[in-house]
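S.K.: Provided herewith is a single structure, encoded as C-alpha cells, for subsequent inquiry.
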Amino acid sequence: MLQLFDRQILDPDGRMVAKVDDVEVEERPDGRLAVTALLTGPGALGPRLGGALGGISSRAWARLTGKDSSDSNPIDYSLVADIGSAITLSVSRAAVGVDGFEVWARTRIIAALPGAGKDPQ
Amino acid sequence: MKKVFALALGILTAIGGFVDIGDLVTNALVGSRFGMSLAWVTVLGVGGICVFAEMSGRVVALSGRATFDIVRERLGPRVGLVNLIGSMAVTLLTYVAEIGGIALALELGTSVWEFFWIPFIAALVWFVLWRAKFDLIENVFGILGLALIVFAVALWQLGPDWASLWQQASTAAKPTNEAWPSYWYYAVGLFGAAMTPYEVFFFSSGGVEDGWTAESLPTMRGNVLIGFPLGGLLSLSIAATATVVLLPASIQVDTLAQVALPVTVALGKLGFAFALLGFFAATFGAACETGLSVGYSICQYFGWQWGKFVRPRQAARFHLVILLSTVLAAAVLLTTVDPILVTEFSVVFSAIALPLTYLPILIVANDRQYMGERTNGRFANALGTGYLVIVLVASIAAIPLMIWTKMGTT
Amino acid sequence: MSDLPRHRLSDLLGMHVRFADGRDGDNVVDVRLAPGDRVRGQLHELVTEGLIIGRRRPGTLFGYDRDPQEGPWVIRALVRLVHRRTGYLEWGDVDGIDWEEQTVRLRVNDLRELQRARG
C-alpha cells in the first residue's frame, strides 16, 4: 500500500533521514495531483499538527535550526528508491541535506565531548 | 551450540533485568501491607508484558520499525505527539526514580546520604550511555541483577507457611485492616510497575540495535516467554518475603532498607550484600534503559537518527536528548525529593500511559505490509485485545483512585 | 522544472466536499495514491487515485480501510462502527479543487462504498 505520511525515510545504508511530514504535489491539467517531493521539517509538520500547537512547535524548532519557519526541506520524489514500511532513498543522508538541527547539535555540543567520533566500546 | 549459549544469555539477562526500582518498591510495599493478596496482579502484569513485548519484538524483527516510529505512523502526528509527550513524561519520571534508586542503593551500602551520590551517579549513567556498547549495558546489568535471586533463597530459608501464602494469593484475600480503594490503587500501581511503557520502547529499539531479523524470532521469543516470567517470580519473591517478615510486624515499606530487611533476617550480612548488589544492578540497568528510551521515543517520532549502533557524532540529537534528560533528572533529585515517592508516582503514571502505547503495536502486528505472513494469530489477537481492555480500565481508574486514597495512605 | 501549480497534500486533508447538486458533504479523511504512467527517478510517479470521505479527523482509520481481513476483529469492528458513514470517491468523481475555499467539488451526488485499495 502506498502510504507516505509519517513514514520513516532511510538512506541506502539504513541511516535515518527524517519522517515524511508532508507531501508536495503538482496539479496536472487533467485534474490529478502527482507527488513531486517529500517534505520534512518544522515548516512541513507544523500545519499538520494544527492550531496553536503547530504554530508554537514550528517556531521553536525553526529557532533552533536558524531557518525560516515555513521552510520545508523538500526531498525530490525522484530520489525515492523503494516504498514499504519505510521509504528508502537512492542517495545518502548527507546528500539530501535536511539535517539542520542535527548539524547544530553535532557542532555545538556533541563534537565538544570526548569520544564523539569513536565507536562505542 | 553458540545459539544455545546466546539463548541462555538472553534469558538470564531478561530475568536479571526484569526488576527495576518500581518493582522493588511496589512489590515490597504491597507485601508488607496486603500480603500475597495482590499476587494475581503481578502475574497478570507479567503476562501482559510478555504478550506485548513479543508483539513489538516480532514487528521490529520483521520490519525494522521500532515502537514510536509505528505510534506516529499509525495514530497520526497529532495523537502521536500527545502520546509522545505523555510517554516521555512518564519515562522521564521513571528515569528520575531509577537514578534515585541507584543513589538509595549506594546510600544503603555506604551510609553516605543519597543526595551526595546524585551528581556522581547521573554523570556515570550518562557516561555509560555515551560510550558503552549496547550489548555490554544489557548483559552486564542483566547478569548482575540475578543477585536478586537472594530474595527467593531468603524466602526458602525463612520456612514460611506455604499453604497460607498460596491461600492468600489464590483467593486474593485482602487483609481486613486495609480498605478496598487502597487495594485497587495498589493493584493499578503493581500493574504499572510490571508493564512499564519504557520496556516496549527499549525492547523494540534494542531489536534495531542488535540487528534482529526473522531468524532472531525464536531467540527473542525464548527470552520473552521464559525470561520475563522467571523475572516475574523474582518480583513475587520480593512480595513474599515482605509478607512473611514485614506484614506480621506491621512494618510498612517506605525505604529501600526495609525492602532488604527480610533478606537480612533470613541470610544475614551475606544475604544483604547480595540484595545490595541486586538493587544496584537492577536500578543502574533500568536507568540506562529509561535514559535510552527517552532518546528513542523522541527520535523515532521525529524521524531523527538514533541508537548506540552508530557513533555519537552521527546521532547528535539522540545524545543531546539523553544528556539533557540526565541533567534534568539530576536536577529534580537535587531538590531532595524522596526517590521512593517519585517511584510511587511513576508506577501509577505508567499505568495511565499504557493504552495509547499498546494500541498501535497491536494494530501493526496485524498489518501484512509490516509482518508478511507472520501477522497475529487468533490467540495473540485475543490476548492482545483482552489486555488492551484491562490497561484501558487501569488507566482510567488510576487518577481517581490516587486522589480517593491519597496515594494509598488512607 | 514544470510550472504546474504546487500544493501541499496535507491541505487536501480536512477539506469538505460539495456534491454536484450543491449539498455539502463530509471531509477528506485520506487520499489514495497509486502508481502513474510516468517514471520519476527510480519509481513510477504517484498520482491521486481516490479520496476517503468521512466525518472524522484524518488518521483515525488506523489503516483498516486497506485490508478488510485484518484483525483483531474487535478493533476492526470498532473502527468500522466509528466510520460507518465513511465512503470513497474515485478521482474521476472530482470536478475540481478550490484550494482557497478548502472545497472539493464533485461530479456525483453520492459516495461509493469504502473498498479495499488496489496496489
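S.K.: So, in the range B:51-77, exactly how many residues are away from chain C (no Cβ under 14 Å) and either assigned to a helix (DSSP H, G or I) or surrounded by fewer than 21 Cβ atoms within 10 Å (Cβ to Cβ) (or both)? Before you say what the answer is, go through the steps one by one.
M.R.: Here is the first cut: in the range B:51-77, the ones away from chain C (no Cβ under 14 Å) are B:53-54, B:56-58, B:60-62, B:64, B:66-69.
Those still in the list that are either assigned to a helix (DSSP H, G or I) or surrounded by fewer than 21 Cβ atoms within 10 Å (Cβ to Cβ) (or both) too: B:53-54, B:56-58, B:60-62, B:64, B:67-69.
Residues meeting the conditions: 12.
S.K.: Within the range B:345-358, can one find any residue that is under 18 Å from B:Phe201 (Cβ atoms) and surrounded by fewer than 21 Cβ atoms within 10 Å (Cβ to Cβ)? Explain how you work it out, then say what you get.
M.R.: Just the residues of the range B:345-358 that are under 18 Å from B:Phe201 (Cβ atoms), to begin with: B:346-347, B:349-358.
With the extra rule that they be surrounded by fewer than 21 Cβ atoms within 10 Å (Cβ to Cβ), the set shrinks to B:355.
Yes, some residue in the range B:345-358 is under 18 Å from B:Phe201 (Cβ atoms) and surrounded by fewer than 21 Cβ atoms within 10 Å (Cβ to Cβ).
S.K.: So which of B:Leu324, B:Leu333, B:Leu320 is without any contact (Cβ under 8 Å) to a residue 12 or more places away in the chain, aliphatic (A, V, I, L, M) and over 20 Å from B:Asp69 (Cα atoms)? Spell out the reasoning first.
M.R.: Values: B:Leu333 fails: without any contact (Cβ under 8 Å) to a residue 12 or more places away in the chain; B:Leu320 fails: over 20 Å from B:Asp69 (Cα atoms).
Going through B:Leu324, B:Leu333, B:Leu320 in turn, just one is without any contact (Cβ under 8 Å) to a residue 12 or more places away in the chain, aliphatic (A, V, I, L, M) and over 20 Å from B:Asp69 (Cα atoms): B:Leu324.
S.K.: Here is a follow-up. Could you go through the range B:188-197 and let me know if any residue there is buried (at least 24 other Cβ atoms within 10 Å of the Cβ) and not in a helix (DSSP H, G or I).
M.R.: Yes, because at least one residue in the range B:188-197 is buried (at least 24 other Cβ atoms within 10 Å of the Cβ) and not in a helix (DSSP H, G or I).
S.K.: Go through (1) surrounded by fewer than 23 Cβ atoms within 10 Å (Cβ to Cβ); (2) under 14 Å from B:Val60 (Cα atoms) for B:Asn366 and report which single condition fails.
M.R.: (1)
S.K.: Report every pair of residues separated by at least 6 positions or lying on different chains whose Cβ atoms are under 9 Å apart, first residue within the range B:352-369 and of a type in the set (Asp, Glu), second buried (at least 24 other Cβ atoms within 10 Å of the Cβ).
M.R.: Hits for this filter: B:Asp367/B:Val59.
S.K.: Consider the range B:224-250. How many of its residues are within 15 Å of B:Ala8 (Cα to Cα) and of a type outside the set (Phe, Trp, Tyr)?
M.R.: 7
S.K.: State the number of residues belonging to the range A:44-58 that are modelled with pLDDT under 80 and buried (at least 21 other Cβ atoms within 10 Å of the Cβ). Talk me through it step by step, then tell me what you get.
M.R.: The first filter runs over the range A:44-58 and keeps only residues modelled with pLDDT under 80, leaving A:50-58.
Checking the rest, the ones that are also buried (at least 21 other Cβ atoms within 10 Å of the Cβ) come to A:58.
Residues in the range A:44-58 being modelled with pLDDT under 80 and buried (at least 21 other Cβ atoms within 10 Å of the Cβ): 1 in total.
S.K.: Okay, moving on. Give me a count of the residues in the range C:81-95 that are outside any loop (DSSP other than H, G, I, E, B) and touching a Ser or Thr at 6+ places or on another chain (Cβ under 9 Å). Step through it out loud before you land on a result.
M.R.: Going through the range C:81-95, the residues outside any loop (DSSP other than H, G, I, E, B) turn out to be C:81-82, C:87-95.
So of that shortlist, the ones also touching a Ser or Thr at 6+ places or on another chain (Cβ under 9 Å) come out as C:82, C:91, C:94.
Matching residues across the range C:81-95 total 3.
S.K.: List the residue pairs whose Cβ atoms are under 7 Å apart, where the first residue sits in the range C:3-19 and is within 9 Å of chain A (Cβ to nearest Cβ), the second is of a type in the set (Phe, Trp, Tyr), and the two are 6 or more positions apart or on different chains.
M.R.: So the pair list comes out as C:His7/C:Trp99; C:Asp11/C:Trp99.
S.K.: What helices (runs of 4 or more DSSP H), lying completely within the range B:316-394, carry at least 2 residues that are away from chain C (no Cβ under 11 Å)?
M.R.: B:316-333, B:339-364
S.K.: Among residues belonging to the range B:11-50 that are surrounded by fewer than 21 Cβ atoms within 10 Å (Cβ to Cβ) and more than 15 Å from the chain's Cα centre (by Cα), point out the one that is nearest to B:Asn223 (Cα to Cα).
M.R.: B:Leu12
S.K.: Restricting the range C:1-17 to residues that are over 19 Å from A:Arg48 (Cα atoms) and assigned to a loop (DSSP other than H, G, I, E, B), which is nearest to the chain's Cα centre (by Cα)? Explain how you work it out, then say what you get.
M.R.: First pass over the range C:1-17, keeping only residues over 19 Å from A:Arg48 (Cα atoms): C:1-5, C:17.
Narrowing further to those that are assigned to a loop (DSSP other than H, G, I, E, B): C:1-5.
Details: C:Met1: 27, C:Ser2: 25, C:Asp3: 25, C:Leu4: 22, C:Pro5: 20 Å.
Restricting to residues being over 19 Å from A:Arg48 (Cα atoms) and assigned to a loop (DSSP other than H, G, I, E, B), the top hit is C:Pro5.
S.K.: Among the listed residues B:Ala154, B:Ala123, identify the single one that is more than 21 Å from B:Val342 (Cβ to Cβ) and either over 21 Å from the mean Cα position of the chain (by Cα) or free of Cβ contacts under 8 Å to residues at least 12 places away in the same chain (or both). Steps first, answer last, please.
M.R.: Details: B:Ala123 fails: more than 21 Å from B:Val342 (Cβ to Cβ).
It is B:Ala154.
S.K.: Condition first: within 14 Å of chain B (Cβ to nearest Cβ), part of a strand (DSSP E or B) and more than 15 Å from A:Val96 (Cβ to Cβ). Now tell me which residues in the range A:16-42 satisfy that.
M.R.: Taking the range A:16-42 first, the residues within 14 Å of chain B (Cβ to nearest Cβ) are A:16-23, A:38-42.
If we keep only those that are part of a strand (DSSP E or B) too, we end up with A:16-19, A:22-23, A:38-39.
A:Asp22, A:Val23, listed by residue number.
S.K.: Does the range C:38-71 hold any residues that are facing another protein chain (nearest Cβ under 7 Å), closer than 24 Å to C:Ile97 by Cα and at pLDDT 70 or above, and which are they?
M.R.: C:Glu45, C:Leu46, C:Val47, C:Thr48
S.K.: Are any residues in the range C:18-55 of a type in the set (S, T, N, Q) and either assigned to a strand (DSSP E or B) or crowded, with 19+ Cβ neighbours inside 10 Å (or both), and if so, which ones?
M.R.: Of the residues in the range C:18-55, the ones of a type in the set (S, T, N, Q) are C:27, C:42, C:48.
Listed by number, the residues that qualify are C:Asn27, C:Thr48.
S.K.: Moving to a separate point now. Restricting to the range B:305-315, name every residue that is more than 25 Å from the chain's Cα centre (by Cα), within 7 Å of chain A (Cβ to nearest Cβ) and crowded, with 24+ Cβ neighbours inside 10 Å.
M.R.: Scanning the range B:305-315 gives a single hit, B:Pro312.
The values are calculated or read from the model by the stated rules, or taken from the named source; none is laboratory data. Computed from a predicted structure; not experimentally measured. Here Cβ is always computed from backbone atoms with ideal geometry, including for glycine, and neighbour counts include all displayed protein chains.
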